[in-house]
4 protein chains.
Amino acid sequence: MNKLHVSIVGGSGYTGSELLRLLVNHPHIEIDQITSRQDDGKNVTEIFPFLPKKITNKFIHPDNATFDQSELIFFATPNGIAMNFAEKLISKGKKIIDLAADFRIKNIQLWEQWYGMKHACPKLVEMAVYGLSELNKNEIKNAKIIANPGCYPTAIQLALYPLINKKIINEQTIIIDAKSGISGAGKKIDDNLLMAEAYDNFNAYSVQGHRHEPEIEENLKEITKRKNIKALFIPHLLPMVRGIYATIYVDLIEDLGETELDLIFSTTYDQSIFVDYMGINKIPKTKMVRGSNQCKISIFKRDKKLIVLSTIDNLVKGAAGQAIQNMNIMFDYQEDAGLNLLPLAP
Amino acid sequence: MNKLHVSIVGGSGYTGSELLRLLVNHPHIEIDQITSRQDDGKNVTEIFPFLPKKITNKFIHPDNATFDQSELIFFATPNGIAMNFAEKLISKGKKIIDLAADFRIKNIQLWEQWYGMKHACPKLVEMAVYGLSELNKNEIKNAKIIANPGCYPTAIQLALYPLINKKIINEQTIIIDAKSGISGAGKKIDDNLLMAEAYDNFNAYSVQGHRHEPEIEENLKEITKRKNIKALFIPHLLPMVRGIYATIYVDLIEDLGETELDLIFSTTYDQSIFVDYMGINKIPKTKMVRGSNQCKISIFKRDKKLIVLSTIDNLVKGAAGQAIQNMNIMFDYQEDAGLNLLPLAP
Amino acid sequence: MNKLHVSIVGGSGYTGSELLRLLVNHPHIEIDQITSRQDDGKNVTEIFPFLPKKITNKFIHPDNATFDQSELIFFATPNGIAMNFAEKLISKGKKIIDLAADFRIKNIQLWEQWYGMKHACPKLVEMAVYGLSELNKNEIKNAKIIANPGCYPTAIQLALYPLINKKIINEQTIIIDAKSGISGAGKKIDDNLLMAEAYDNFNAYSVQGHRHEPEIEENLKEITKRKNIKALFIPHLLPMVRGIYATIYVDLIEDLGETELDLIFSTTYDQSIFVDYMGINKIPKTKMVRGSNQCKISIFKRDKKLIVLSTIDNLVKGAAGQAIQNMNIMFDYQEDAGLNLLPLAP
Amino acid sequence: MNKLHVSIVGGSGYTGSELLRLLVNHPHIEIDQITSRQDDGKNVTEIFPFLPKKITNKFIHPDNATFDQSELIFFATPNGIAMNFAEKLISKGKKIIDLAADFRIKNIQLWEQWYGMKHACPKLVEMAVYGLSELNKNEIKNAKIIANPGCYPTAIQLALYPLINKKIINEQTIIIDAKSGISGAGKKIDDNLLMAEAYDNFNAYSVQGHRHEPEIEENLKEITKRKNIKALFIPHLLPMVRGIYATIYVDLIEDLGETELDLIFSTTYDQSIFVDYMGINKIPKTKMVRGSNQCKISIFKRDKKLIVLSTIDNLVKGAAGQAIQNMNIMFDYQEDAGLNLLPLAP
């Protein structure tokens, strides 16, 4: 089989490095160009010494990247970059997977308000497909632009979907207490990301509102065709590197039994390779998914409250892994090609 | 001023060692006896090399401890120990501060159900005072037995009290998403407490129910004279050693403004040395209180939801520090005698 | 190609779980029996929830394990177990890879002194091959019993071998300052391995002598045919889970230039898939090898001192990974079959 | 007693914040001015929320700082700042304690070579006193300028001094394998200091040479009046925040017994409040000194090698704590005034 040629824009951050870690062993992929402003001209293995020596790619400056050979371009860039390149690339017949937020919210006004900039290509947002692989598979197959979901929204929507889809919870009183490892914040220069600050510390942040809240609400509405979903989302920063953990509190409309609830989740994810519904009263741990594309979900019933626990590795299922899963779906490879890595435990 | 003679039962766990760390520099205290089964006969400084060499106490076996010189006995023992010693010590005119759970719940049946054993002295439970220093000061002054609160309940009740006391929230829909450093679990032999398991990991636990839930509900009812408080309490284990962080979600009954809410908290803790209400939209962090007796609280309003953040060091304000604060109140010392340690940051 | 049937004795510790993590995706392997006293009868995926659901093995009690189907048995047991089973298994034509220390030291007296027990089968020690894959490949090919090297000795011998082999250092003045993540100590019940103790802490241990010192000296002598190797080895405990880092100080006999030294290392490991000699003045980091079977080595010259830095993941190249590498060599598979995992970074 | 008025230049880094943590509870000190370019005008408690609310100081811009009221100025600035202010301040009769490196090396040429800049006041270097409190007490008493030692040099010189002073080791073959928590690198913007990079990682750095090597050699020569001390010093970065750990390898000239060696150390530090010589074959741990001004030292004899272990908290005894200890000596306070904090363990 001919290899699929792909390129990566913005290869020197954490999602870029994670794409490389996963693509390097992918059986059907050849990496063409990897762009980086700051590391232009350097060997990729010099910047990422964990990569195997056989990788001979050099970073090139984005201005010099033509992507001529590539059928698919990954954007592992900050928000607001992909939207400036998309039109031209699409017009050349290339496909795009954006790991940032440029195409995640259809409501342009809402997007511009949360992201504090003018959107460069509202029309393309229209045609973009939200790449939550398990819940949008048919649309992904034919997509030209994939809006790869945020890390929190991935863990949270996979947890909430079965309940909203079955219309068994109050969609207005959802509370999401979420926690993330520090790599979710990217490779940024920020005092709060320094080891001396973040180690042996825990705190909430963005309590007044976080961009992933509208992303969660809008896409859940879209996927479930429900109109009035409202979720209060409070993120926290964990003193560790990888891992999202969402503790979700919902109100059951009627008092369903554990068996029925269990069945709703198990049937939803029966055929999913990467979503492991563990069952009732099971405890997922971030370390059970670290380094893998798995999402682990469990539920607990407390009177008429249901508590859903959901965990993923933010850099894999929450970013690069899901991007590759989407690529596999788009190009008709096995869904887990290049993604059958087991979690690193202990 | 004559020194107060005190003894410690169960000195070799984490609350015992923390009591020592704090009492050693207390201006009014002389430590008489420190018991330990496993370290009987050993120098306290051998087991706790962080203590200063001037400490010459040796551990003695509890069977050999007479406490003759002591006016006050701290129990830093597992649950179910203090209740067997209390009657005799009280009859000799000694006072007791139990850092375990034996005297925390007045409803004996409820206690026996959660703690899985028969209570040895229900009558003494009746006379015991719940040692939440800020909220029970008058009772503590004259107490013979102090039930020192659990670590979670301390952080949580200090956060909820102003709201329940002012009757401005729905007391039935309280959700508490709490996180704790691993020292909260004690110095136990348990696979989950091993570094190889707990490092770089995060998970919920006791989701089906945790003993601190009835403690919180019962004591908040007692303190606020409200009858129907119901709190859903879900604890999580943080990959760090010290620190409790509670994210509390409540529903406001009427839509109070931020200024009014702010005022309710600031006036409640105006005179409190150890509760720092930070204000509206401020972020407390566990590292801001690590090693100190401080509790830091802040609030955020999101529509008709109020989010209260509260953090303490579980071994200090959540255990040994509050025990000493209670001792200071009982024996009419300055409330912060021996407790003016600043947090260790970074 | 027919699958090779293997079994694992002692599957519930960290080396056992790591063997499973690696073997599960090995293209040529079928796992027959996995023994565990404590988890007898339980599903392997219940104890190790990070394993994929397709694994249907159950733990069996070692007394019930027959290993009838297996050509190769891994012992992931504590020291002193494999030696009691070896004779019988060998007599049945099976091969053994012992990940513990039973066959690592030929000098039985020395072994008994360091391990504090009588050796059960000195004769088999004679025929056992020390499984340092890169340096003993020919012997490994035909071995019946492999003594899989200790974690420290693997990192250290790979670093020292080129220098001793070329006879360019004083073999009497070697100083090895080594550091290990806590998983090197196994899944043991020991206060020092508790998170509350080991987190945010660093210390030396076994400074009076560690069992890996005679292992290093004896096997380096054997491999290089040199007689008087003496190494002072001081281990330290790192506040992290995986990773060995050795900082080795040696005296050059004559003042060789950097180019010559560089060449000695690069030619030695030219053909090695798993030893990455990084070059002069490069900094290896434990995170560059975490989760992978790589060893990274670099050198620095300071006057007539040479400093060699060497790092591995103690559970992979220092245990289960090297065991599988040895298996691959013994059964004539590609050396990296099942082992081409990239390190998990960041 | 009148309070001593002091000011801090560069108050917003880690040594500045640590000075504040310690001075705030010092019985004899009043803090006048605290300078910061970046936090000019802000409340000190806003930047350091761990400080008690009673602290009402605001940061002022260094250009506006007059230090009129202050008898003593602490410089918690980067290297190369204090030397530009010193002349003027000294001429006004003020005293200086520089926590950076400007006055640590008498040999100006050597200093300029290692620090890559021209020294602004070589004459003042001449009169500066190296503030290793235990070993230079008499000079410190009368000093106008204190060069506060580096963190590594403090732990290392306290460990080596007894041996060199007694002339019992080969002074040419000293090897120092040292490890530091990340706060030693300061609050800098540097990828390597990010949590995502440094957590769960360990590596050596500056292996080709580190500025503390000449500082150690020169000052040990000065203090012991020995001429040919040579130490190979290799630092490493620990995945934690506070703590220096030095493992030092020396060759005994003659084969002294353990008792004699023990006596040399115990008599040297008999009267030292802050140096705890633990004895032969004892294991110091960084957590035994975390947050305190203690240095813990122990020794191990292996044939004719002596191994000395030494640990301090780099921000306390390795920086701010020793600065205050020096202040106490200069102004004739009790040596431990404001410094009797116990380590934070666990």
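List the helices (runs of 4 or more DSSP H) that sit entirely inside the stretch B:95-210 and contain at least 2 residues that are over 23 Å from A:A204 (Cβ atoms) and without any contact (Cβ under 8 Å) to a residue 40 or more places away in the chain. Before the answer, list the steps.
Details: elements: B:108-115, B:122-127, B:137-141, B:151-165, B:195-198.
The qualifying helices (runs of 4 or more DSSP H) are B:108-115, B:122-127, B:137-141, B:195-198.
Scan the stretch D:179-202 residue by residue and report those that are surrounded by fewer than 24 Cβ atoms within 10 Å (Cβ to Cβ) and in contact with a Ser or Thr (Cβ under 9 Å, 6 or more places away or on another chain).
D:G186, D:K187
Report, by residue number, each residue of the stretch B:289-302 that is under 17 Å from A:F233 (Cβ atoms) and touching a residue at least 24 places away in the same chain (Cβ under 8 Å). Don't jump to the end; show me each part of the working.
Restricting attention to the stretch B:289-302, the residues satisfying the condition of being under 17 Å from A:F233 (Cβ atoms) are B:300-302.
If the condition is that a residue be under 17 Å from A:F233 (Cβ atoms) and touching a residue at least 24 places away in the same chain (Cβ under 8 Å), then B:K301 is the only one that fits.
Against the conditions (1) over 29 Å from B:T286 (Cα atoms); (2) touching a Leu at 6+ places or on another chain (Cβ under 7 Å), where does A:P214 fall short? Just the number, please.
The failed condition is (1).
Being crowded, with 20+ Cβ neighbours inside 10 Å and among the β-branched types (V, I, T) is the filter; apply it to the stretch C:61-80 and report the residue that is farthest from the other protein chains (Cβ to nearest Cβ).
Looking at residues that are crowded, with 20+ Cβ neighbours inside 10 Å and among the β-branched types (V, I, T), I get C:I73.
Of the residues in the stretch D:22-60, how many are away from chain B (no Cβ under 14 Å) and under 27 Å from B:I312 (Cβ atoms)?
Final tally of qualifying residues: 3.
Find the residue count for the stretch C:70-94, including only residues that are part of a loop (DSSP other than H, G, I, E, B) and either within 12 Å of C:I8 (Cα to Cα) or at pLDDT below 95 (or both).
So the first thing to find is which residues in the stretch C:70-94 are part of a loop (DSSP other than H, G, I, E, B), and the list is C:70-71, C:76-81, C:92-94.
Next, only the ones that are either within 12 Å of C:I8 (Cα to Cα) or at pLDDT below 95 (or both) stay: C:70-71, C:76-77.
Count: 4.
Do the conditions hold for A:I324, that is, is it within 14 Å of chain B (Cβ to nearest Cβ), in contact with a helix residue (DSSP H, G or I) (Cβ under 6 Å, 6 or more places away or on another chain), modelled with pLDDT of 95 or more and under 30 Å from A:S7 (Cα atoms)? Please lay out each step first, then the result.
Details: within 14 Å of chain B (Cβ to nearest Cβ): no; in contact with a helix residue (DSSP H, G or I) (Cβ under 6 Å, 6 or more places away or on another chain): yes; modelled with pLDDT of 95 or more: yes; under 30 Å from A:S7 (Cα atoms): yes.
So A:I324 fails the test.
Restricting the search to the stretch B:1-16, which residues are buried (at least 23 other Cβ atoms within 10 Å of the Cβ) and modelled with pLDDT of 95 or more? Working first, answer last.
Just the residues of the stretch B:1-16 that are buried (at least 23 other Cβ atoms within 10 Å of the Cβ), to begin with: B:6-9, B:11, B:14-16.
Scanning the stretch B:1-16 gives B:V6, B:S7, B:I8, B:V9, B:Y14, B:T15, B:G16.
Which one of A:I175, A:I145, A:I182 is within 13 Å of chain B (Cβ to nearest Cβ), among the β-branched types (V, I, T) and touching a Phe, Trp or Tyr at 6+ places or on another chain (Cβ under 7 Å)? If you could, list the steps in order and put the result at the bottom.
Working: A:I145 fails: within 13 Å of chain B (Cβ to nearest Cβ); A:I182 fails: touching a Phe, Trp or Tyr at 6+ places or on another chain (Cβ under 7 Å).
Testing whether each residue is within 13 Å of chain B (Cβ to nearest Cβ), among the β-branched types (V, I, T) and touching a Phe, Trp or Tyr at 6+ places or on another chain (Cβ under 7 Å) leaves just A:I175.
Only one of B:V316, B:V308, B:V289 is crowded, with 24+ Cβ neighbours inside 10 Å and over 18 Å from the mean Cα position of the chain (by Cα); which? First the steps, then the outcome.
Numbers: B:V316 fails: over 18 Å from the mean Cα position of the chain (by Cα); B:V289 fails: over 18 Å from the mean Cα position of the chain (by Cα).
From the options B:V316, B:V308, B:V289, the qualifying one is B:V308.
Residue pairs, Cβ under 9 Å, 6 or more apart or interchain, first in the stretch A:264-288 and without any contact (Cβ under 8 Å) to a residue 60 or more places away in the chain and within 14 Å of chain B (Cβ to nearest Cβ), second surrounded by fewer than 16 Cβ atoms within 10 Å (Cβ to Cβ) and not in a helix (DSSP H, G or I). List them.
Hits for this filter: A:N281/B:Q208; A:I283/B:Y205.
Mind listing just one residue for me: the one in the stretch C:216-233 that is over 20 Å from the mean Cα position of the chain (by Cα) and without any contact (Cβ under 8 Å) to a residue 60 or more places away in the chain and, of those, farthest from the other protein chains (Cβ to nearest Cβ)? Write out each step before concluding.
From the stretch C:216-233, those over 20 Å from the mean Cα position of the chain (by Cα) are C:225-230; that's our starting set.
If we keep only those that are without any contact (Cβ under 8 Å) to a residue 60 or more places away in the chain too, we end up with C:225, C:227-228, C:230.
Working: C:K225: 25, C:K227: 18, C:N228: 14, C:K230: 9 Å.
Checked the stretch C:216-233; the qualifying residue farthest from the other protein chains (Cβ to nearest Cβ) is C:K225.
Looking at (1) modelled with pLDDT of 95 or more; (2) not assigned by TED's automatic domain parsing to the domain that holds A:A204, find the lone condition where A:Y245 falls short.
The failed condition is (2).
For the stretch A:234-244, state whether one or more residues are in a helix (DSSP H, G or I) and either within 17 Å of A:D177 (Cβ to Cβ) or free of Cβ contacts under 8 Å to residues at least 60 places away in the same chain (or both). Explain how you work it out, then say what you get.
Of all residues in the stretch A:234-244, those in a helix (DSSP H, G or I) come to none.
No, the stretch A:234-244 contains no residue that is in a helix (DSSP H, G or I) and either within 17 Å of A:D177 (Cβ to Cβ) or free of Cβ contacts under 8 Å to residues at least 60 places away in the same chain (or both).
Would you confirm, using the coordinates I've provided, whether D:E213 is outside any loop (DSSP other than H, G, I, E, B), at the interface with another protein chain (Cβ under 7 Å from one of its Cβ atoms) and at pLDDT 95 or above? Spell out how you get there, then give the answer.
Working: outside any loop (DSSP other than H, G, I, E, B): yes; at the interface with another protein chain (Cβ under 7 Å from one of its Cβ atoms): no; at pLDDT 95 or above: yes.
Considered against the rule, which asks whether it is outside any loop (DSSP other than H, G, I, E, B), at the interface with another protein chain (Cβ under 7 Å from one of its Cβ atoms) and at pLDDT 95 or above, D:E213 comes out as no.
Test C:S292 against the stated conditions and say whether it is in the same structural domain as C:I174 (by TED's automatic domain parsing) and over 30 Å from A:M240 (Cβ atoms). Before the answer, list the steps.
Details: in the same structural domain as C:I174 (by TED's automatic domain parsing): yes; over 30 Å from A:M240 (Cβ atoms): no.
In short, no.
Please go through (1) farther than 25 Å from A:Y115 by Cβ; (2) in a loop (DSSP other than H, G, I, E, B) for A:T267 and return the number of the only condition it doesn't satisfy.
So the condition that A:T267 fails would be (2).
Considering only the stretch C:289-310, state which residues are assigned to a strand (DSSP E or B), within 11 Å of another protein chain (Cβ to nearest Cβ) and closer than 29 Å to C:H28 by Cβ.
Scanning the stretch C:289-310 gives a single hit, C:K296.
Looking at D:D251, D:D276, can you tell me which residue is in a strand (DSSP E or B), surrounded by fewer than 18 Cβ atoms within 10 Å (Cβ to Cβ) and either hydroxyl-bearing (S, T, Y) or not assigned by TED's automatic domain parsing to the domain that holds D:A101 (or both)? Break it down stepwise before answering.
Numbers: D:D276 fails: surrounded by fewer than 18 Cβ atoms within 10 Å (Cβ to Cβ).
Within the list D:D251, D:D276, the selection yields D:D251.
Going by what's in this entry, would D:K53 be described as among the basic types (K, R), modelled with pLDDT of 95 or more and either over 24 Å from D:M117 (Cα atoms) or in the same structural domain as D:N142 (by TED's automatic domain parsing) (or both)?
Numbers: among the basic types (K, R): yes; modelled with pLDDT of 95 or more: no; either over 24 Å from D:M117 (Cα atoms) or in the same structural domain as D:N142 (by TED's automatic domain parsing) (or both): yes.
No; evaluated as a whole, the condition is false for this residue.
Across the stretch A:33-56, what is the number of residues that are outside any loop (DSSP other than H, G, I, E, B) and buried (at least 20 other Cβ atoms within 10 Å of the Cβ)? Reasoning before the result, please.
Here is the first cut: in the stretch A:33-56, the residues outside any loop (DSSP other than H, G, I, E, B) are A:33-35, A:43-47.
The next check asks that each one be buried (at least 20 other Cβ atoms within 10 Å of the Cβ); those that pass are A:33-35, A:44.
Going through the stretch A:33-56 one residue at a time, the tally reaches 4.
Specify the residue that is farthest from C:L51 (Cα to Cα); the eligible residues are those in the stretch C:12-32 that are outside any helix (DSSP H, G or I) and touching a Ser or Thr at 6+ places or on another chain (Cβ under 6 Å).
If we filter the stretch C:12-32 for residues that are outside any helix (DSSP H, G or I), which is where we start, we get C:12-13, C:24-32.
This time we only want the ones that are touching a Ser or Thr at 6+ places or on another chain (Cβ under 6 Å), so: C:12, C:32.
Working: C:S12: 13, C:D32: 16 Å.
Among residues in the stretch C:12-32 that are outside any helix (DSSP H, G or I) and touching a Ser or Thr at 6+ places or on another chain (Cβ under 6 Å), the one farthest from C:L51 (Cα to Cα) is C:D32.
The values are calculated or read from the model by the stated rules, or taken from the named source; none is laboratory data. Remember, predicted model here, so these are calculated numbers, not experimental data. Because the Cβ atoms are built from the backbone with ideal geometry, glycine has one as well, and the counts that use them run over all protein chains shown.
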